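Here's the structure, in structure tokens; my notes come after.
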Amino acid sequence: MKNKLNILNWKPDRSSFPDMGEDGKPVISLDSEKFIKVWQGPNHPGITGNMSLELTISGDEVVESKTHVGYLHRGFEKLFERRRYIQCFPTCIRMCVPEPDTNEYNLARGVEELDGIEVPEMANWLRMIVLEMARLQVLLRMVPGQAGTMGLGLGVQWGMYYRELILDRMEELTGARIYHMYILPGGVRGLLPDGFKQRLEENLVKIEGFLKDIDKLILHNAVFKKRAIGIGHIPKDWVDQYGIVGPVARAAGYQRDVRKDYPYLYYDQIDFDYNIEHDSDMFARFLVRRKDLETTLDILRQIMAKMPDKGEIRAETPNVLHWKIPKGETYVRCESSRGEYGFYMVADGSEFPRRINLRGPSYTHAIAVLEKLLVNANISDVSAIMLSLATCPPEIER
Amino acid sequence: MEALLDRLKTRFGVFDFEQKKTYQSFCSVDKLSLVSLVTYLKATEGFKVLVLISVVDWIEDGKFQITYLLNNPELKTDIGIRTFISRDNEEMESIHDLWEHAPTFQREIREMYGINFPGSPRVDESFLLEGWDDIPPMRREFDTKKYSEDTFFPRPGRKTNDPAEYMKQKLYPDEK
Amino acid sequence: MMIKDILSPFSAWKKVFDKPVVIKDPINDRPGADRYRGFHKNDIETCIGCGTCEDICENEAIDMIPVEGIETKDGDSGLRPSIDYGRCCWCALCVDICTTTSLTLSNAYNWVEEDPEAYRFTPGVDEKPWQNEEKGWKKPEGNYEFYSLNRVSMEHLHPEERSDSFVEMVKGYSKEQAEKEADRCVECGICTATCPAHMGIPEYIKAIRNDDLEEGLRILYDTNPLPEICGRICTHKCETVCSVGHRGDPISIRWLKRYIADQNPSEKYKQILESESLKKNGKKVAIIGSGPAGLSAAYYLALLGYECTIYEKLSQAGGMMRYGIPEYRLPYDQIDKDINYILSLGVKIVYDTTIGKDIMLEQLEKDNDAVFAGTGLHLGRSTRIDGSDHKDVYQSIEMLRKITQGEEVHVAEKIVVIGGGNVAMDITRSLARLQIQKYGKVQIITTSLETEDIMPADVEEVVESREEGATVMPGWAPQHIEIVDGKIKGLHVAQCLSLFDETGNFNPQCNLENTRFFEGDMVVESIGQGMDLSYLSEDIKEQLEMGPRGRIQVNDVFQTSLPWLFLGGDIIQGPDVIHGIANGHIAARGIDRLLSGE
């Protein structure tokens, strides 16, 4: 700390505004000419999708923020009502573009739980490998992306290349690059192609090299630190009160990881730890994701070492054209790169689901948390805070 | 779970208890007891996290099912609480003072199902559907297909044939 | 904050010297992966136009359209999938469910056109650059199936249990088995066209899935008033075109039909089929023969309000179904169940009455508004080889009738049966049972002209005959019957080389060098049946228009050139039960049209 540069610690004095009313709420009158309204979005603010923030600013400080969603509403949950379970599968993935596999997995698992289907071992390992690859490719964008929101786009561009490597593997295994449509109710759609593990391992080695690069570029970067440390601080008691999950909760010191708390697939056979930070600011969240990235590489290697080479990939199910699921309800969850990602599914005994309700992390992060967190933030930090919360509108609107 | 159920049974009269997985169960409770039950679970039983509020439309029974899914992060257990309200009197007590994100759920439900939560902040503001003038679209009587046919135009020139019907026309048109 | 934090980011500059990772021409330099889900291909020769791809498409992107040069025929609708790429999401569920594996995806990445309409195309018909591409998404062979390829096996009595009795050998499906089998159906409806009666097969299978067997029964009776019988002995031509059969076992349509009929008790039929009060229209129709055609015509006419009287030569109704088919395949009580329901609608049967002898056809015409004759093929045909006039040479059709009537038939210790059809198998297996009862062992040789691959008998009939101890020897042409001291010693046969000559006429060619001798004390001939038209007087015969090979000409509603006389069943089409039923149904509509003056 002795090399501390004082200039970096300069903070503007914001004690004078806005005026507080008697009820303890800020008094905001646009006529006072102290405030202006700025709409951030709906064109992809940050990198996360179409959503807009109605910001009231005073100078460069946000005094009030309202989240507006509805630009990506496609009514998937309504559409499910008239689709057979197998037909929901190509639809549900579109509720999250960067990480569609968690949707596939939740749908498949919900159907299997409700219908009592036992998935073959090989299929479960393949599901794990796809889910971890998906997490890896998201984090490869998101970790450098945090600096990208502050104007350091170089890391994002580097990250894109490494993400493409993983997408190549996805294409090989699942037949598609973005919407993989691989995890079917009952199993998966294909075995690993020949030589897949070796090619993936080569990619993982490259990505390890990339991690060193982003450490140099972003982690040890005075500008980034200055703009991340202490910014977007989430008090610890918010976590349960707001339903905060995943890396954001872990950055606040909570041990929250669905993979460890409610083990699914074979995560109980994998050796890994919660990645915890305690400062609960943007930097802590960056560090958690940065560690997650390393953990993911490690988990992928463990999966590859443990999984069998051959085996059944799909359980026998009724004819998918008239597959009736017995009446019942369940909530299934898995850990996405952004945190707990769950499907609440209700079946009514017919061929069509009665209700499939997605609960994504952004549902609270982007609305309740973000609206509060942005108050008194600098307008230039808005998109950085958004990204650090991993807001993703498609999972709010569905 | 069993012990918890007994407590809930005597205090709040929960019924239809179902254990789905080792860490997840569902039960139903009367509409009037719901808020006190949820408050009790949050304050006393450690169900500190509200995972979701969701609605299922049982149009054939004339009921909406509202499910509150709570999670106990220490014991790592879930409890889903169902309550049924009449479709004719679609109003439910709000729990916005218990969790900060509850109003978001309630606002969405208000818009998608038309269920009112009096007192919930911004509950009447449109959430996703700015300018929507039809019935709340997640209700089962809202026909998506019809809406889409009325609102959008189909691509001209598409025509399909049912194989059995087509074979009949071709091979045995006179019969029947 | 360390000084390192200020310097470290500058290390990025050293990347300036790295080789760029960008691929300049990715489309050509980096082809799609082997499994890549690119654009659709369709092998239109293999495709049968079942439309299952259309059913599973969640985006309604697929239309089934007629394609020039593809003919609509049995087992092929003549339609082919056309895909709207404005809607497709390339999930490849259509590929995974394709019943014939004709539909696949190439691994092509890009397709650029100026005309948006071009993106609606018929794979395999419209020329596309990727259509011969080997790589791309295919139905993952052996990995998983969207519907089961394996038929739910039907339980049979074991050969030991059944070979000495005439107890029904096929046990029928249980509820669970039937629902599982019904679940395999993809509801394409290709079978309906092939079924002579055009039964609503996918619909009644759906009724089984929904466990709504009353609805199932209503669907059956729409087109077939003899479901118990057809559910047992139908030749199930539908199953030969079943789209699921292209990759696995066809759906067991016949057994499912039997399941519906079996599960509905006969006393509830009237209520289920809403036939408790039928209005009479005062018109009368006479029906000759109580076989499937006659019963079917009577049923549909009765529903329309006609007063029907069936004249039956023998003492019980059912015709060939009762007298030709052995009891172990079709128990008499099941025949009675179907027939009694038809009789309960007011249909009358006059037994032991031969038209042309007891009552003249002219008399029937006078007393009735129309006459339908479904008199069937009840005369046995002889091989006319040397020795076939011996007293121990029998006709299978007569023997089967006698067995049904409970008459004593001659059963020798060693028997030779000539014939390769289902009737030959019926007599073989009936005689085998009688041999066991009489001698405690089976010694039957059944020989046919046709080799095993082209034998007309159902495969399971042949297999089961063998299980029951009979020797089936296909591919031998009978030459003569050896008779020593007035007793049959056996049958001489020669290897049969071909059945038809170049012009397609029946003209068997034999290799007389390769002969065999089948020992036997009696010979049963079962090489087909002829019709007995003795009930038609010379006067009537003269007025009837005759077609080639001595068949009477009928129009599309089975009306002869005498407007009041309709003919149907085996004498016109067949021979089998389902054609008879279909003919009877159509004739009933024809009669109605004639009499109601429409």
**Hits in the stretch C:380-402 - residues which are buried (at least 21 other Cβ atoms within 10 Å of the Cβ) and assigned to a helix (DSSP H, G or I)** = C:Ser396, C:Ile397, C:Met399, C:Leu400
**Asked** Has the stretch C:231-248 got any residue that is buried (at least 20 other Cβ atoms within 10 Å of the Cβ), of a type in the set (Asp, Glu) and touching an Asp or Glu at 6+ places or on another chain (Cβ under 6 Å)?
**Response** no
**Request:** Could you list, in sequence order, all residues of the stretch C:75-87 that are in contact with a Phe, Trp or Tyr (Cβ under 9 Å, 6 or more places away or on another chain) and either without any contact (Cβ under 8 Å) to a residue 60 or more places away in the chain or surrounded by fewer than 18 Cβ atoms within 10 Å (Cβ to Cβ) (or both)?
**Result:** C:Gly78, C:Leu79, C:Ser82, C:Ile83, C:Asp84, C:Tyr85, C:Gly86
**Message:** Given the criterion touching a Ser or Thr at 6+ places or on another chain (Cβ under 8 Å) and farther than 24 Å from B:Ala102 by Cβ, identify the matching residue among A:Leu374, A:Leu387, A:Leu370.
**Reply:** A:Leu387
**Fill in**
Considering the stretch C:186-231, residues that are in contact with a Ser or Thr (Cβ under 6 Å, 6 or more places away or on another chain) and of a type in the set (Val, Ile, Thr), and then whichever is farthest from C:Pro265 (Cα to Cα), we arrive at C:Ile190
**Prompt:** Which of the following residues is modelled with pLDDT under 90, in contact with an Asp or Glu (Cβ under 8 Å, 6 or more places away or on another chain) and away from every other protein chain (no Cβ under 12 Å): A:His220, A:His233?
**Reply:** A:His233
**Request:** Could you check A:Ile214 against (1) within 21 Å of the chain's Cα centre (by Cα); (2) in contact (Cβ under 8 Å) with a residue 40 or more places away in the chain; (3) closer than 30 Å to B:Val49 by Cβ and say which number it fails?
**Result:** (3)
**Asked** Cβ-Cβ below 6 Å, separation at least six or inter-chain, first residue in the stretch A:180-205 and farther than 16 Å from A:Gly311 by Cα, second of a type in the set (S, T, N, Q): which pairs?
**Response** A:His180/A:Thr174; A:Tyr182/A:Thr174
**Selection within the stretch B:87-102 - farther than 21 Å from A:Arg333 by Cβ, within 11 Å of another protein chain (Cβ to nearest Cβ) and under 15 Å from the mean Cα position of the chain (by Cα)** = none
**Message:** Taking the conditions exactly as written (loosely packed, with under 15 Cβ neighbours inside 10 Å, within 29 Å of A:Val245 (Cα to Cα), among the acidic types (Asp, Glu) and out of contact with any strand residue (DSSP E or B) (no Cβ under 8 Å at 6 or more places or on another chain)), does B:Glu2 satisfy them or not?
**Reply:** yes
**Request:** Among the residues of the stretch A:187-217, count how many are aliphatic (A, V, I, L, M), more than 30 Å from C:Phe10 (Cβ to Cβ) and at the interface with chain C (Cβ under 10 Å from one of its Cβ atoms).
**Result:** 2
**Fill in**
All conditions in (1) within 14 Å of chain A (Cβ to nearest Cβ); (2) more than 24 Å from the chain's Cα centre (by Cα) are true of C:Asp63 except (1)
**Prompt:** When residues of the stretch B:65-86 are filtered for being among the hydrophobic types (A, V, I, L, M, F, W, C) and either within 11 Å of another protein chain (Cβ to nearest Cβ) or farther than 17 Å from B:Cys27 by Cα (or both), how many remain?
**Reply:** 4
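Results for (1) surrounded by 12 or more Cβ atoms within 10 Å (Cβ to Cβ); (2) over 24 Å from B:Glu93 (Cβ atoms), shown as yes or no for each residue.
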site	(1), (2)
B:Phe105	yes, no
B:Glu111	yes, no
B:Ser120	yes, no
B:Val123	yes, no
B:Phe127	yes, no
B:Pro136	yes, no
B:Arg139	yes, no
B:Phe142	yes, yes
B:Lys145	no, yes
**Message:** Can you say whether A:Ile244 is more than 8 Å from chain C (Cβ to nearest Cβ), more than 30 Å from C:His40 (Cα to Cα) and either of a type in the set (S, T, N, Q) or surrounded by fewer than 20 Cβ atoms within 10 Å (Cβ to Cβ) (or both), as far as the supplied structure shows?
**Reply:** no
**Complete:** Exactly one of C:Gly520, C:Gly590, C:Gly584 is more than 25 Å from C:His378 (Cα to Cα), surrounded by 12 or more Cβ atoms within 10 Å (Cβ to Cβ) and in contact with a Gly (Cβ under 8 Å, 6 or more places away or on another chain), and that one is C:Gly520
**Request:** Taking the residues in the stretch C:1-49 that are in contact with a Phe, Trp or Tyr (Cβ under 7 Å, 6 or more places away or on another chain) and either β-branched (Val, Ile, Thr) or over 21 Å from C:Trp137 (Cβ atoms) (or both) as candidates, determine which candidate is nearest to the other protein chains (Cβ to nearest Cβ).
**Result:** C:Val21
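Every residue, every condition in (1) assigned to a loop (DSSP other than H, G, I, E, B); (2) touching a Ser or Thr at 6+ places or on another chain (Cβ under 8 Å); (3) hydroxyl-bearing (Ser, Thr, Tyr), yes or no:
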residue: C:Lys441; (1), (2), (3): yes, no, no
residue: C:Pro456; (1), (2), (3): yes, no, no
residue: C:Glu461; (1), (2), (3): no, no, no
residue: C:Arg466; (1), (2), (3): no, no, no
residue: C:Val472; (1), (2), (3): no, yes, no
**Prompt:** Quick one: is A:Glu316 within 9 Å of chain C (Cβ to nearest Cβ) and either surrounded by 19 or more Cβ atoms within 10 Å (Cβ to Cβ) or closer than 22 Å to C:Asp55 by Cα (or both)?
**Reply:** yes
**Request:** Give the number of residues within the stretch C:148-194 that are acidic (Asp, Glu) and either within 14 Å of chain B (Cβ to nearest Cβ) or on the phi > 0 side of the Ramachandran plot (or both).
**Result:** 1
**Item:** Residue among A:Asp292, A:Asp268 that is surrounded by fewer than 16 Cβ atoms within 10 Å (Cβ to Cβ) and not in a loop (DSSP other than H, G, I, E, B)
**Value:** A:Asp268
**Prompt:** Out of curiosity, is C:Gln405 closer than 29 Å to C:Tyr332 by Cβ, over 25 Å from the mean Cα position of the chain (by Cα), buried (at least 17 other Cβ atoms within 10 Å of the Cβ) and not assigned by TED's automatic domain parsing to the domain that holds C:Leu567?
**Reply:** no
**Request:** May I ask you to list the residues in the stretch A:319-328 that are more than 31 Å from the chain's Cα centre (by Cα), under 14 Å from A:Leu114 (Cβ atoms) and within 9 Å of another protein chain (Cβ to nearest Cβ)?
**Result:** A:Trp323, A:Lys324
**Elements of type strands (runs of 3 or more DSSP E) in the stretch A:1-113, at least 2 residues being modelled with pLDDT of 85 or more and within 14 Å of chain C (Cβ to nearest Cβ)** = none
**Request:** Return the total of residues in the stretch A:144-186 being at the interface with chain C (Cβ under 8 Å from one of its Cβ atoms) and at positive phi.
**Result:** 3
**Request:** Please state which one of C:Glu187, C:Glu145, C:Glu168 is under 30 Å from C:Ala33 (Cβ atoms) and in a loop (DSSP other than H, G, I, E, B).
**Result:** C:Glu145
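The values are calculated or read from the model by the stated rules, or taken from the named source; none is laboratory data. Predicted, not measured: the structure shown is a model, and the values here were computed from it. Here Cβ is always computed from backbone atoms with ideal geometry, including for glycine, and neighbour counts include all displayed protein chains.
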